[in-house]
Amino acid sequence: MENILIKFDKLSIFFVLYTIVFVIFFGTIGYTLPFVFALILALFLRIPTRYLMRKFKIKNTIASLFTTTIFFTIIIVLLSLIITTITSESIQLGKNIQSYFALNKDNIVSFFSNLQNYYKNLDPTIISNIEANITSYITKTLNIGMAASTKIFSQTLDFVSTIPYVLMVLLFTLLATYFFTKDLSSTNRKKLNLIAPKSEDRIRYIFDESKKMLKNYLLSYLLIITITFLETLVVFFIFKIKYALTLSLLCGLLDLLPIFGIGTIYLPLIIIYSISNNYIVALGLFISYVLITIIRQIIEPKIVSSSLGIHPVAVLASIFIGLKANGILGMLFCMFLLVFYNILRKVKVL
């Protein structure tokens with residue numbers, strides 16, 4: 001009984017401390033974002049930096065400067081190409097949505113009128129209500145379409161207006177990454193043994209495991225996003241959907257959102273092609289949407305559980321409970337609660 005109470009006390013302390021750290025971290029992320037990015041990047045750049053130091057016998061200052069510069073040059077070039085493509089395609093997409101609804105108003109009306117033919121055997125009261133409200137529905141649909149296109153255009157302009165802030169974050173991230181990389185690449189583990197010879201092994205293990213878990217967690221979801229992006233890109237190229245790259249990128253990012261996900265892109269496209277009487281493309285997109293959704297639900301727990309070394313059922317439970325409690329932030333809370341509990345259990349702290 002005493003052992004159970006001690007273990008319960010440890011779990012309670014762990015849960016309270018973890019919750020406090022989680023709330024503080026995400027509550028202050030707006031102020032610490034460049035340095036969080038920099039630390040994560042430095043952990044990745046430490047390996048090539050140490051390789052250069054050993055291979056060419058150069059100081060860590062020069063090696064860190066070289067790896068940081070090369071890495072950020074590649075990132076900036078890729079981001080510039082992606083942002084330029086997405087911006088131009090988003091603006092063009094917004095214009096084309098407005099033109100589409102303006103030019104296909106008759107088709108839209110005809111589409112809803114044809115729907116009435118399928119309900120002729122319904123109760124006359126229901127039919128009269130449908131006929132009374134169908135004009136209102138058409139107007140609302142047009143307004144939503146126009147509002148969505150206007151929103152896309154305004155969001156694009158808003159993004160352009162945030163470029164100075166993005167550049168500031170990029171600059172601070174670049175500088176902090178260099179200093180973190182330099183420090184991490186020159187860290188001597190023997191110094192740590194002199195500082196804390198008794199507890200260093202356990203602390204280092206917790207740190208290494210936390211770093212590995214965080215890296216694996218990020219990589220697992222990056223892999224899931226990439227799979228969704230590639231699947232959607234192939235589907236859109238097969239059915240010759242315009243703005244395939246931009247829409248596929250959006251699907252990859254929206255795949256992280258609960259409930260809506262890629263349906264935010266797929267469902268409007270299915271409706272648009274149905275209204276245009278292009279039923280083959282609409283059916284193909286619908287089947288693709290169902291298949292991609294099923295594949296995503298199957299691979300997510302497997303990829304995340306294998307990368308974190310946690311049972312798939314525990315991953316499923318943390319995802320479901322977190323999303324149900326507080327969306328994406330709740331999911332992150334439950335996932336990292338599971339991760340850190342697993343780490344501390346391995347080192348016999350809990």
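Pop out the ³J(HN,Hα) list for the stretch 298-306 in order, Karplus 6.51 cos²θ - 1.76 cosθ + 1.60 with θ = phi - 60°, rounded to Hz; leave Gly and Pro as x.
7, 7, 4, x, 5, 5, 5, 5, 5
Using only alpha-carbon positions, what ratio does the radius of gyration of the stretch 1-51 give when scaled by 2.2 N^0.38 Å? Write down the numbers at each step before the final one.
Details: Rg = 17.8 Å, N = 51, 2.2 N^0.38 = 9.8 Å.
So the stretch 1-51 has a normalised radius of gyration of 1.82.
Please work out, to two decimal places, the log10 of the ratio I(q)/I(0) at q = 0.13, 0.17 Å⁻¹ from a Debye calculation in which every Cα of the stretch 207-302 carries one identical scatterer.
Log-scaled intensity ratios, in q order: -0.47, -0.72.
State whether the stretch 1-98 is rounded, prolate or oblate according to the following rule on the C-alpha gyration tensor (a ≥ b ≥ c being the square roots of its eigenvalues): a/c under 1.5 gives rounded; otherwise a/b larger than b/c gives prolate, and the remaining case gives oblate. It would help to have the intermediate numbers written out before the result.
Values: a/c = 3.70, a/b = 1.32, b/c = 2.80.
Cα axes put the stretch 1-98 in the oblate bin.
Anything over 29 Å Cα to Cα? Flag those among K59/K346; K55/K212; K302/K324; K215/K324; K10/K215, in the order listed.
Numbers: K59/K346 37 Å; K55/K212 25 Å; K302/K324 20 Å; K215/K324 25 Å; K10/K215 27 Å.
Violating the 29 Å limit, Cα to Cα: K59/K346.
Quick one: accessible surface of F179, probe radius 1.4 Å, all protein chains present, in square angstrom to the nearest 10.
Looks like 110 Å² after rounding.
The values are calculated or read from the model by the stated rules, or taken from the named source; none is laboratory data. This is a predicted model, so every value here is computed, not measured. Calculation scope for accessible area: heavy atoms of the full protein, side chains included, ligands and nucleic acids excluded. Shrake-Rupley method; radii C 1.70, N 1.55, O 1.52, S 1.80 Å.
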